[in-house]
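The values are calculated or read from the model by the stated rules, or taken from the named source; none is laboratory data. These figures come from a predicted structure and were not determined experimentally. Only protein heavy atoms, including side chains, enter the accessible area calculation; ligands, DNA and RNA are left aside. Shrake-Rupley method; radii C 1.70, N 1.55, O 1.52, S 1.80 Å.
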Amino acid sequence: MDAGTRDTFEQRNPSRLSEVTGLFPLSSKEDTVFAIEAAQSAFLKWKALSPFTRAKYLKKVLALMIGRREEIAKIITLENGKIVPDSLGEIDSAIAEMEFQINEGIRVFGETIPVTIDGVFAYTIKEPLGVVSVISPWNFPFNVPVRKIIPALMAGNTCVFKPASLTPQTGYMFTKLFDDAGVPPGVLNMITGSGSIVGNLLVTDPRIKAISFTGSTEVGMGIHKKAAVHATRTQLELGGKNAAVILEDADIELAVKAVARAAFACSGQWCTSTSRVIVVKKVAKEFTDKLVKATKEIIVGDGFDQNAGMGPVCGTDQFENIMRYIEIGKKEGATLLTGGNIIKNNPFEEGCFIEPTIFSNVKPDMKIAQEEIFGPVLSLIPVENLEEAIAVSNGIIYGLSSSVFTNNLKHAMTFINQTEVGFTHVNLMTSLKEPQLPFGGIKESGVGLPEAGKTGIEFFIKYKSVYMKYN
Ligand code: NDP
């Protein structure tokens with residue numbers, strides 16, 4: 001069913017802001033209520049299906065997704081700006097996550113549990129929650145909805161989905177797969193429009209039984225408070241300020257490669273991007289020289305340019321915010337080693353292009369070392385040793401991801417045991433993830449059960465204990 005509203009909003013290509021990529025419904029409160037009602041009326045039938053039947057539907061969606069991989073990747077690049085190989089990589093991750101979660105969804109087992117009363121049989125059932133809402137960001141406009149919606153539906157819930165206003169067409173391409181695969185109407189409903197209006201209703205309506213959100217810590221914390229009014233379950237994937245720690249016994253070439261990729265891929269707009277490098281002074285010069293050289297080799301360009309290694313940042317708000325942080329870094333007295341400028345020469349004058357930027361001599365309490373910039377800006381923080389590196393790495397409000405680069409097993413284990421994050425790495429970039437493992441943060445980076453892995457579906461399930469007297 002189409003939106004009742006006639007109001008629309010524009011989306012623009014971040015590589016060329018004069019190019020309007022589409023007009024989308026600015027959904028109203030009435031549209032949102034309608035979507036919730038549609039999900040509610042589809043719930044009991046969807047819940048009653050065997051998980052194997054639900055899996056059959058979702059496997060059809062998956063087959064269509066694989067067939068439309070390149071078409072969807074183009075839309076991601078058009079709306080988000082990331083280079084085409086990264087858009088294709090996003091879809092490949094989504095495919096892998098979807099396969100895993102469909103299989104998890106047919107293995108939602110209860111237990112039989114012995115009780116003290118003779119003639120009573122007891123067991124547990126795992127049931128869906130009801131209607132759930134999914135609010136997704138623009139940085140992974142395809143993979144994040146897949147990561148949340150597939151386990152929600154496999155568990156037997158129905159869903160109302162709101163994509164970010166910067167990437168509505170990607171959201172539409174995703175939702176259309178379900179229509180085309182013949183998934184029953186009302187199982188997945190999408191609304192577009194303002195986060196503060198339609199998004200807010202998806203958080204406060206008492207018919208919503210769980211909210212899965214990815215985005216800024218500020219909005220996420222607001223959602224957490226509002227959800228508490230109706231004791232609505234939340235799964236919040238929020239900001240990060242992920243550190244890569246380089247110790248004196250590290251393989252420097254390996255570390256440089258991993259940091260350059262995780263700091264600047266998708267213009268530093270992964271929630272798992274490396275935004276701080278905490279480097280032991282003994283190897284700081286060697287590491288820094290090599291990293292600056294690798295960074296200068298990154299070709300910035302339109303996401304459709306085959307030579308480009310980094311596209312624009314996603315929209316004018318992002319652009320202004322990142323440039324504001326670059327100015328803050330200069331004022332705070334950090335040393336600008338490379339980048340720091342807007343790229344405006346032809347053909348870039350109409351886009352949101354920023355040079356990959358590295359600051360060195362950053363002090364741990366500077367704003368650029370503490371706050372999420374969410375752009376191609378890296379802060380290098382020199383330290384004396386592992387102990388100081390761990391203290392600096394943990395000395396922030398966030399706790400999403402981290403990495404240590406070392407060839408010393410004791411150092412690696414010390415770091416693993418003391419790093420305050422949801423997931424960590426040894427000799428691998430901060431962004432590495434696989435669908436089989438939980439994905440989520442601690443501290444102000446995340447609330448609720450992590451996505452992906454076994455917890456991905458667990459979030460969308462409630463337990464019922466059954467006692468049955470048979471004798
Ligand atoms: P937001 O947190 O504002 O938006 C994320 C999603 O939430 C969007 O779908 C948005 O809708 C929606 N939303 C906004 N306000 C509300 C609300 N009051 N209630 C319910 N939903 C709402 O992130 P931004 O896009 O504004 O990005 C700002 C910053 O957030 C970035 O610079 C970055 O620091 C961080 N961020 C982190 C991400 C991560 O993966 N950890 C992802 C994206 C952003 P709409 O688009 O319509 O506003």
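Brief remarks follow.
- Accessible area per residue for the stretch 124-167 is 12 Å², calculated with a 1.4 Å probe on protein heavy atoms, without ligands, DNA or RNA.
- The Rg/Rh ratio of the chain, with Rg taken over Cα atoms and Rh as the Kirkwood radius over Cα pairs, comes to 1.00.
- The stretch 391-471 - accessible surface per residue (Å², probe 1.4 Å): 50
- Placed amide H near residue 378: partners under 5 Å, 5+ positions off or other chain: 357, 358, 359
- Relative frequency of Cα-Cα separations exceeding 25 Å in the stretch 267-372, percent: 21
- The relative contact order of the stretch 199-318, computed from alpha carbon pairs under 8 Å that lie at least 6 residues apart in sequence, is 20 percent.
- Stokes-Einstein, applied to the Kirkwood radius of the stretch 26-67 over Cα pairs at a viscosity of 1.002 mPa s and 20 °C, places its translational diffusion at 174 µm² s⁻¹.
- Temperature 10 °C, viscosity 1.306 mPa s: under these conditions the Stokes-Einstein estimate for the stretch 50-196, based on its Kirkwood radius over C-alpha pairs, is 97 µm² per second.
- Largest to smallest in accessible area, the residues 233, 324 fall in the order 324, 233 (1.4 Å probe, all protein chains included).
- Averaging 1/r across all pairs of distinct Cα atoms in the stretch 348-471 and inverting the result yields a Kirkwood radius of 17.5 Å.
- Phi angles of the stretch 441-449 translate, via the Karplus equation with coefficients 6.51, -1.76, 1.60 and θ = phi - 60°, into HN-Hα couplings of x, 10, 6, 8, 9, x, 9, x, 5 Hz per residue; Gly and Pro are given as x.
- Mean residue ellipticity at 222 nm, helices only, the chain: -12500 deg cm²/dmol; runs of at least 4 DSSP H residues each add -39,500 (n - 2.57), and the sum is divided by the number of residues.
- Kirkwood Rh, angstrom, the stretch 317-416 [1 / mean 1/r, Cα pairs]: 15.2
- Between 0 and 90°, nearest 10: helix 252-264 axis offset from the chain longest Cα axis: 60
- Note on the stretch 177-292: the C-alpha convex hull projects to 11.0 nm² when averaged across all orientations.
- Beta bridges per DSSP with both ends in the chain, % antiparallel, nearest 5: 40
- Counting only protein chain heavy atoms and rolling a 1.4 Å probe, the accessible areas of 172, 467, 398, 123 rank, largest first, as 467, 172, 123, 398.
- Between helix 84-105 and the chain: long-axis angle, C-alpha atoms, 0 to 90°, nearest 10: 30
- HN-Hα J in Hz across the stretch 326-333 - Karplus 6.51, -1.76, 1.60, θ = phi - 60°, x for Gly and Pro: 5, 5, 4, x, 5, 5, 6, x
- Fraction of accessible area attributable to carbon and sulfur, the chain (%, probe 1.4 Å): 55
- The stretch 78-152 - Debye-derived log10 I(q)/I(0), Cα point model, q = 0.24, 0.25, 0.26 Å⁻¹: -1.10, -1.14, -1.18
- Distance from the stretch 180-210 to the stretch 244-269 (C-alpha centre basis), Å: 39
- Between helix 409-418 and the chain: long-axis angle, C-alpha atoms, 0 to 90°, nearest 10: 60
- Taking 405, 43 and ordering them by how much accessible surface each has at a 1.4 Å probe, largest first, produces 43, 405.
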